[in-house]
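Trainee: After the structure tokens below, expect a handful of questions from me.
No lab work stands behind these numbers, since they all come straight from the coordinates. Please read all numbers here as calculations on a predicted model, not as lab measurements. Because the Cβ atoms are built from the backbone with ideal geometry, glycine has one as well, and the counts that use them run over all protein chains shown.
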Amino acid sequence: MANYYTPGVYVEEISTLPTSVVEGSTAVPAFLGYTEKTEYNGTDRKLVPTRISTMLEFQQYFGGPPAPVVTAKAKETTQIVFDGISEYTSSIYTLYYSLDLFFKNGGNYCYIVSLGGYSSPAKLDKEDFESGLKALEKEDEPTLIVMPDACGLDADTYYPICQEALAQCKRLKNRFCILDVRPADAASDKSAVEIFREKIVSENLQYGAAYYPFLKTSISPTIDETKITITGLNDATTESTLKDIKTKNTGLYSAIKNELNNPKYKVVLPASAAIAGVYASVDRDRGVWKAPANVGLNAVIEPVTKITAAEQDKLNVDATSGKSINAIRSFTGKGIIVWGARTLAGNDNEWRYVSVRRLFNLIEDSASKATFFAVFEPNDATTWLKVQSMIDSYLYSLWQQGALAGPTAKAAYFVKVGLGSTMTTQDILEGRMIIEIGVAAVRPAEFIILRFSHKLQEA
């Protein structure tokens with residue numbers, strides 16, 4: 001209020017509109033992995049979370065994909081002919097192609113945390129992922145953690161990294177992990193799923209979901225002609241690459257290029273990037289309360305392992321460990337479908353479903369940021385009413401959209417704040433304003449049960 005000392009006309013604006021809750025983001029993944037380059041315009045972007053929205057932006061900041069190492073055979077008789085591929089080794093760096101799969105499945109914008117550049121020989125370092133997670137913890141916007149490159153680590157290294165990511169989600173309470181079940185090592189006598197359940201030891205299972213198996217995509221690898229060696233030529237003194245023969249022997253060159261377009265050389269990727277795209281598209285089209293399942297995947301030829309209904313029984317429900325694993329299955333006439341919607345806490349009645357956990361993440365994060373205005377305000381009935389009205393209005397809008405269960409708003413949620421209700425006199429003396437919020441989240445119909453019986457003919 002102005003001080004009225006000089007005669008005149010004074011204009012005062014009175015705010016009559018209540019404060020409101022601005023809903024936070026729900027599907028902003030942060031991808032941790034290795035990139036071709038880490039420097040852009042003289043600035044080192046290693047371990048610097050960078051927001052991008054297209055593959056073009058990624059290429060601008062971080063470069064292109066790694067190329068496979070290929071050995072092609074040729075034989076010379078009356079002429080030089082192609083004799084097949086004797087070696088094809090894909091790079092362990094999968095971030096570039098994973099990001100491509102993310103955008104192809106409905107992803108819009110995301111964050112990239114580059115852990116370093118490609119090296120030769122290629123190697124992954126546990127400390128790089130730990131540093132990446134620490135850098136990501138300082139960012140507020142990302143709500144999903146995706147680590148496709150980490151699947152190249154061995155099981156004893158990969159799963160502790162997963163546990164660190166889950167712990168971060170628990171601390172911040174505004175993000176969720178999408179994890180992959182990495183393939184079992186050749187020397188192991190246990191299945192990939194058995195190893196996953198044995199190695200993931202965490203109290204934070206509600207903050208993550210696992211997907212199985214890996215996916216054979218329709219994405220073609222980028223070929224570096226200098227990394228394709230050709231053996232079997234009579235002139236053994238010269239080491240030939242595909243680039244060397246491009247103009248010297250166009251027939252052999254074309255034959256090798258055509259062979260590398262064979263579907264068997266398409267890129268195989270962990271499922272997490274495609275799932276992050278599904279989360280983003282479902283959130284955008286339906287809402288975070290819709291389970292991200294029964295959704296087809298784009299740019300996927302087939303799952304690496306075919307899963308039957310009987311096999312999925314053991315994935316979806318595990319009475320011993322409770323660690324549910326969501327299957328990706330191929331259905332005739334339907335395509336490749338995400339066929340699971342559980343968190344890792346599959347035996348937990350409260351946090352069994354991905355959509356329930358992520359809805360609470362959204363409500364908790366949005367409400368906590370919106371009530372920031374009340375810090376240091378008078379802890380009295382006026383402030384309590386403002387806070388209660390603001391949160392009540394937000395939850396009512398969620399109920400109208402179908403996010404909360406109940407025939408009436410009163411049955412769907414409650415908001416309590418006040419002396420004698422949520423606070424004692426001692427709480428007020430100590431500067432605490434306690435708000436209690438309860439919501440009835442909608443849950444997915446995971447099992448549709450049709451019951452049939454014979455009906456006898458009536459006269």
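Trainee: Note down the relative contact order for the chain as a percent, whole number, built from C-alpha pairs under 8 angstrom at least six residues apart. Please report the intermediate quantities before stating the final value.
Mentor: Details: 828 pairs, mean separation 75.6, N = 459.
Averaging sequence separation for qualifying contacts and normalising by length gives 16 percent for the chain.
Trainee: Taking the Cα centre of the stretch 375-439 as origin, work out the dipole magnitude from +1 charges on Lys and Arg Cβ and -1 charges on Asp and Glu Cβ, in debye rounded to 20.
Mentor: On the way: 4 positive and 6 negative charges, 46 e Å.
That gives a dipole near 220 debye.
Trainee: Also: What's the angle, to the nearest 10 degrees (0 to 90), between helix 126-137's Cα axis and the longest principal axis of the chain?
Mentor: Its long axis makes an angle of about 30 degrees.
Trainee: Something else about it: Contour minus end-to-end for Tyr4 and Ile449, with contour as 0.36 nm per residue of separation and end-to-end as the Cα-Cα distance? Write down the numbers at each step before the final one.
Mentor: Values: separation 445, 0.36 × 445 = 160.20 nm, distance 7.41 nm.
That works out to 152.8 nm of additional length.
Trainee: Take the alpha carbon atoms of the stretch 262-328, find their center, do the same for the stretch 376-443, and report the distance between the two centers in whole angstrom.
Mentor: The distance from the Cα centre of the stretch 262-328 to that of the stretch 376-443 comes to 36 Å.
Trainee: Taking Cα atoms, how many degrees apart are the long axis of helix 354-370 and the longest axis of the chain, rounded to 10 and kept between 0 and 90?
Mentor: Around 50 degrees separate the two axes.
Trainee: Sorted from fewest to most neighbouring beta carbons within 10 Å, what does the list Thr157, Thr26 look like? Let's see the in-between values first.
Mentor: Numbers: Thr157 15, Thr26 23.
So the residues, fewest neighbours to most, are Thr157, Thr26.
Trainee: Round to a whole angstrom and tell me the spacing of the C-alpha centers of the stretch 152-170 and the stretch 16-67.
Mentor: 22 Å
Trainee: Would you order Thr308, Thr343, Thr50 from fewest to most other beta-carbon atoms within 10 Å of each residue's own beta-carbon? All intermediate terms of the calculation are to be shown ahead of the outcome.
Mentor: On the way: Thr308 9, Thr343 25, Thr50 17.
The most exposed by this proxy come first: Thr308, Thr50, Thr343.
Trainee: Then there is this: Just tell me which lysines come within less than 18 Å, Cα to Cα, of Lys199; anything on the same chain fewer than 8 places away is out.
Mentor: Lys126, Lys190, Lys314, Lys323
Trainee: Hey, fewest Cβ within 10 Å first, where do Lys216, Lys75 land in order? Each step should come with its number before you reach the end.
Mentor: On the way: Lys216 18, Lys75 14.
In increasing order of surrounding Cβ atoms, one gets Lys75, Lys216.
Trainee: Length gain on complete extension for the stretch Glu137 to Lys410, per 0.36 nm per residue less the alpha carbon to alpha carbon distance? Working shown, then result.
Mentor: On the way: separation 273, 0.36 × 273 = 98.28 nm, distance 3.68 nm.
Gain on extension, Glu137 to Lys410, equals 94.6 nm.
Trainee: Run through the stretch 1-69 and list the GluC sites (Glu not before Pro) located in a DSSP loop whose Cβ has at most 10 other Cβ atoms within 10 Å.
Mentor: Details: sites: Glu12, Glu13, Glu23, Glu36, Glu39, Glu57; in loops: Glu12, Glu13, Glu23, Glu36.
Hits after loop and neighbour filter: Glu12, Glu13.
Trainee: Taking the Cα centre as origin and putting +1 on Lys and Arg beta-carbons and -1 on Asp and Glu beta-carbons, what dipole magnitude results for the chain, to the nearest 20 debye? Intermediate results must be reported in sequence, preceding the final value.
Mentor: Working: 47 positive and 53 negative charges, 250 e Å.
In total the dipole reaches around 1200 debye.
Trainee: Would the stretch 250-323 count as rounded, prolate or oblate if I go by the C-alpha gyration tensor, calling it rounded below 1.5 in a/c and otherwise prolate when a/b exceeds b/c, oblate otherwise?
Mentor: Numbers: a/c = 3.83, a/b = 1.78, b/c = 2.15.
It is oblate, given that a/c is not under 1.5 and a/b is not larger than b/c.
Trainee: Something else now. Taking R0 as 30 Å, what FRET efficiency do you get between Asn262 and Ser119 from their Cβ-Cβ distance, rounded to the nearest 0.05? The partial results should precede the final answer.
Mentor: On the way: r = 29 Å, r/R0 = 0.95.
Once the sixth-power term is evaluated, E becomes 0.55.
Trainee: Right, something else. Which one, Ala374, Ile219, Ala309, projects farthest toward the positive side of the charge dipole computed for the chain from Cβ point charges (K/R +1, D/E -1)?
Mentor: Of Ala374, Ile219, Ala309, it is Ala309.
Trainee: Mind scanning Lys73/Lys123; Lys170/Lys410; Lys75/Lys246 and naming the pairs with a C-alpha gap bigger than 20 Å? Before the final figure, lay out the partial values.
Mentor: Values: Lys73/Lys123 28 Å; Lys170/Lys410 30 Å; Lys75/Lys246 17 Å.
Result: Lys73/Lys123; Lys170/Lys410 exceed 20 Å.
Trainee: Expected output is a single nm value to one decimal: the length gained when fully extending between Ser218 and Asp313, i.e. 0.36 nm times separation in residues minus the C-alpha distance. What is it? All intermediate terms of the calculation are to be shown ahead of the outcome.
Mentor: On the way: separation 95, 0.36 × 95 = 34.20 nm, distance 2.87 nm.
Length gained, Ser218 through Asp313: 31.3 nm.
Trainee: If r is the Cβ-Cβ distance from Glu57 to Thr305 and R0 is 22 Å, what FRET efficiency results, to the nearest 0.05?
Mentor: Working: r = 34 Å, r/R0 = 1.53.
After rounding, the FRET efficiency stands at 0.05.
Trainee: Mind putting together the pair-distance distribution for the stretch 298-400? All Cα pairs, 10 Å bins, whole percent per bin, short to long.
Mentor: Taking all Cα pairs of the stretch 298-400, the binned fractions are 13, 27, 22, 18, 13, 6, 1 percent.
Trainee: Could the peptides 357-367, 257-267 be put in order, highest first, of the mean number of other beta-carbon atoms found within 10 Å of their residues?
Mentor: Details: 357-367: 20.9, 257-267: 14.4.
Averaged packing, sorted descending, gives the order 357-367, 257-267.
Trainee: When we measure straight from the Cα of Lys266, which aspartates and glutamates land under 13 angstrom away, once same-chain ones fewer than 8 places off are left out?
Mentor: Of all the aspartates and glutamates, those that pass the test against Lys266 - Cα under 13 Å, at least 8 places apart if same chain - are Glu302.
Trainee: Is there a quick way to get the dipole size of the stretch 99-235? I mean about its Cα centre, with the Cβ of Lys and Arg at +1 and of Asp and Glu at -1; what is the value in debye to the nearest 20? Can you show the working numbers first?
Mentor: Values: 15 positive and 22 negative charges, 99 e Å.
The dipole magnitude comes to about 480 debye.
Trainee: With a/c under 1.5 counting as rounded, go ahead and sort the stretch 289-341 into rounded, prolate or oblate using the C-alpha gyration tensor (a ≥ b ≥ c being the square roots of the eigenvalues; past the cut-off, prolate if a/b is larger than b/c, else oblate). Working shown, then result.
Mentor: Working: a/c = 2.44, a/b = 1.49, b/c = 1.64.
Cα axes put the stretch 289-341 in the oblate bin.
Trainee: List the pair-distance distribution P(r) of the stretch 375-439, using every Cα-Cα distance, as the percent of pairs falling in each 5 Å bin from 0 up to the bin containing the longest distance, rounded to whole percents.
Mentor: P(r) for the stretch 375-439, in whole percents per bin: 4, 18, 26, 19, 14, 10, 7, 2.
Trainee: Of the options Leu344, Val81, Leu456, report the single residue whose Cα projects farthest towards the positive end of the charge dipole of the chain (beta-carbon charges: Lys, Arg +1; Asp, Glu -1).
Mentor: Toward the positive end, the furthest listed residue is Leu456.
Trainee: So which GluC sites (Glu not before Pro) in the stretch 381-459 are both in a DSSP loop and have at most 13 other Cβ atoms within 10 Å of their Cβ?
Mentor: Hits after loop and neighbour filter: Glu430, Glu446, Glu458.
Trainee: Which of these values of mean projected area of the Cα convex hull in nm² was calculated from the structure shown: (1) 29.0; (2) 39.7; (3) 21.3?
Mentor: Among (1) 29.0; (2) 39.7; (3) 21.3, the one calculated here is (2).
Trainee: Compute the FRET efficiency between Thr424 and Thr320 as 1/(1 + (r/R0)^6), taking r as their Cβ-Cβ distance and R0 = 56 Å, and round to the nearest 0.05. Write down the numbers at each step before the final one.
Mentor: Numbers: r = 44 Å, r/R0 = 0.78.
With R0 = 56 Å, the Cβ-Cβ based efficiency is 0.80.
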